[in-house]
Amino acid sequence: MNPTAGMHFEFVTAPRIVFGVGAVRELGGIVRSLGQRVLVVTGRNGERARPALEQLAQQDLAATPFQVPGEPTTHRVTAGVEVARSERCDVVVAFGGGSAIDAGKAIAALLTNGGEVLDYLEVIGQARPLTQPAAPVIAIPTTAGTGCEVTRNAVLLSPEHHFKASLRSSFLMPRVAVVDPELARNLPRELTACTGLDALTQLIEPFVGLRANPMTDAVCREGLRRAARSLGRACEEPDDLVAREDMAVASLFSGMALANAGLGAVHGFAAPLGWMFPAPHGAVCAALLPHVMEMNVRALAARSPRSESLRRYDEVARLLTGHAAATAAEGIRWVAKLCAKLAIPKLGRWGIRAADLPAIVDKATQASSMKANPIVLTKEELAEVLVRAI
């Protein structure tokens, strides 16, 4: 990430993004251009997908609802593929949070590639590459946090292995992302806070990480400005559509950033914590973020004081606080204060205890997200982060 000649990078995102209040009303026409029979993948509350189902009905499109009531599991994806095949579905609409969208992407990939989920899963499966384009996916996020409407992977839980792993392929990128800020108006305050802090994390980590590039820098800077001014307001005033719009942009941009520049230690921890404990992904990221920021800055100052990442932490502080002379320490305090204001629970709420730390640290060091962290943290440093977050 240090300035050198011969810059080389790629930037990949969804071929089409439709953004705006009321954008969901364009769904029928979008789907009709891609297919005729639709599997509508939703979260636990399928009733929330009524706006999407109404648009499909207006276009006389056959729609089969399919619920993913919790974490997207390998079993639920397999069941979704069976339903889609029996109903001869040729398009998938994934409507909901990250779980519904990841499940929808995985179902669409298995529809055209055949085989079993474990044939393609990383780490616990055979990690075979997908060789055929997935069935078209229209991703419609109803939270402002994961950005998975513009990412190339799907995170699935395997109950037998007690492990979360990814399907990863360029074929998993949704064909269309429909981002309607109005869909998040009914989110509970706690979910708005945790998903919003996940988006904030996904803007900070690619910006300070080892794989940053000018394209991801641009979306991260804009996303950080919007999240800084609107995350708290979206929690306090859920009907504020300007705040909801800002957070929808921040989340969308965070997905673009992570898909092209990777993440860091917060998500390195979140991977094992998400399958070892019943902890929602956004809540884990929110609890860890200020402590990982502090440890990264401390380690960089001690071992790599000329690092570009250290300068970038100062820039993050300026973007968050709005103060032209803000330093990294002030940025960390701003994040910690926001977490306190939003009543973000400590990791201990999810049953994580000091005795669990060695196993968590061992697994976190092997997580793919750790590879883009701006500095390699020692096991002792990683354990200290967890102690502070518990």
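The figures follow:
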{"read-out": "Every residue from the stretch 82-97 that is assigned to a helix (DSSP H, G or I) and surrounded by fewer than 24 Cβ atoms within 10 Å (Cβ to Cβ)", "value": "Glu82, Val83, Arg85, Ser86"}
{"read-out": "Any strands (runs of 3 or more DSSP E) falling wholly within the stretch 127-205 and containing at least 1 residues that are assigned by TED's automatic domain parsing to the domain that holds Pro51, basic (Lys, Arg) and in contact (Cβ under 8 Å) with a residue 60 or more places away in the chain", "value": "163-168"}
{"read-out": "Pick from the stretch 1-22, criterion exposed (fewer than 12 other Cβ atoms within 10 Å of the Cβ) and of a type in the set (A, V, I, L, M, F, W, C), ranking: modelled with the highest pLDDT", "value": "Met7"}
{"read-out": "In the stretch 340-349, the residues that are in a helix (DSSP H, G or I) and either crowded, with 17+ Cβ neighbours inside 10 Å or aliphatic (A, V, I, L, M) (or both)", "value": "Ala340, Leu347"}
{"read-out": "Any pair with Cβ under 9 angstrom, 6 or more apart, that starts in the stretch 350-361 at a residue that is surrounded by 11 or more Cβ atoms within 10 Å (Cβ to Cβ) and ends at one that is of a type in the set (Phe, Trp, Tyr) and modelled with pLDDT of 95 or more", "value": "Ile360/Phe269; Val361/Phe269"}
{"read-out": "Wholly within the stretch 229-314, helices (runs of 4 or more DSSP H) carrying at least 1 residues that are of a type in the set (Lys, Arg)", "value": "241-261, 281-303"}
{"read-out": "Residue selected from the stretch 23-56 under the condition assigned to a helix (DSSP H, G or I), out of contact with any helix residue (DSSP H, G or I) (no Cβ under 7 Å at 6 or more places or on another chain) and touching a residue at least 24 places away in the same chain (Cβ under 8 Å), by the criterion surrounded by the most Cβ atoms within 10 Å (Cβ to Cβ)", "value": "Ala49"}
{"read-out": "Some residue of the stretch 286-296 being touching a residue at least 24 places away in the same chain (Cβ under 8 Å) and of a type in the set (S, T, N, Q)", "value": "yes"}
{"read-out": "Tally, over the stretch 236-262, of residues that are more than 28 Å from Pro374 (Cβ to Cβ) and surrounded by fewer than 24 Cβ atoms within 10 Å (Cβ to Cβ)", "value": "8"}
{"read-out": "Odd one out for Glu71 among (1) loosely packed, with under 15 Cβ neighbours inside 10 Å; (2) of a type in the set (D, E, K, R); (3) not in a helix (DSSP H, G or I)", "value": "(1)"}
{"read-out": "The stretch 98-123, subset outside any helix (DSSP H, G or I) and crowded, with 24+ Cβ neighbours inside 10 Å, residue nearest to the chain's Cα centre (by Cα)", "value": "Leu121"}
{"read-out": "Members of the stretch 211-230 found to be among the aliphatic types (A, V, I, L, M) and out of contact with any Asp or Glu (no Cβ under 8 Å at 6 or more places or on another chain), listed by number", "value": "Ala212, Met215, Ala218, Val219, Leu224, Ala228"}
{"read-out": "Boolean, Lys341 is in contact with a Lys or Arg (Cβ under 9 Å, 6 or more places away or on another chain) and among the basic types (Lys, Arg)", "value": "no"}
{"read-out": "Selection from the stretch 58-68 of residues that are assigned to a helix (DSSP H, G or I) and modelled with pLDDT of 95 or more", "value": "none"}
{"read-out": "Residue in the stretch 146-160 that is surrounded by the fewest Cβ atoms within 10 Å (Cβ to Cβ), counting only those that are touching a Lys or Arg at 6+ places or on another chain (Cβ under 6 Å) and closer than 19 Å to Val266 by Cβ", "value": "Asn153"}
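The values are calculated or read from the model by the stated rules, or taken from the named source; none is laboratory data. These numbers come from a predicted model, not from an experiment. As a convention, Cβ positions derive from the backbone with ideal geometry for all residues, glycine included, and neighbour counts pool all protein chains shown.
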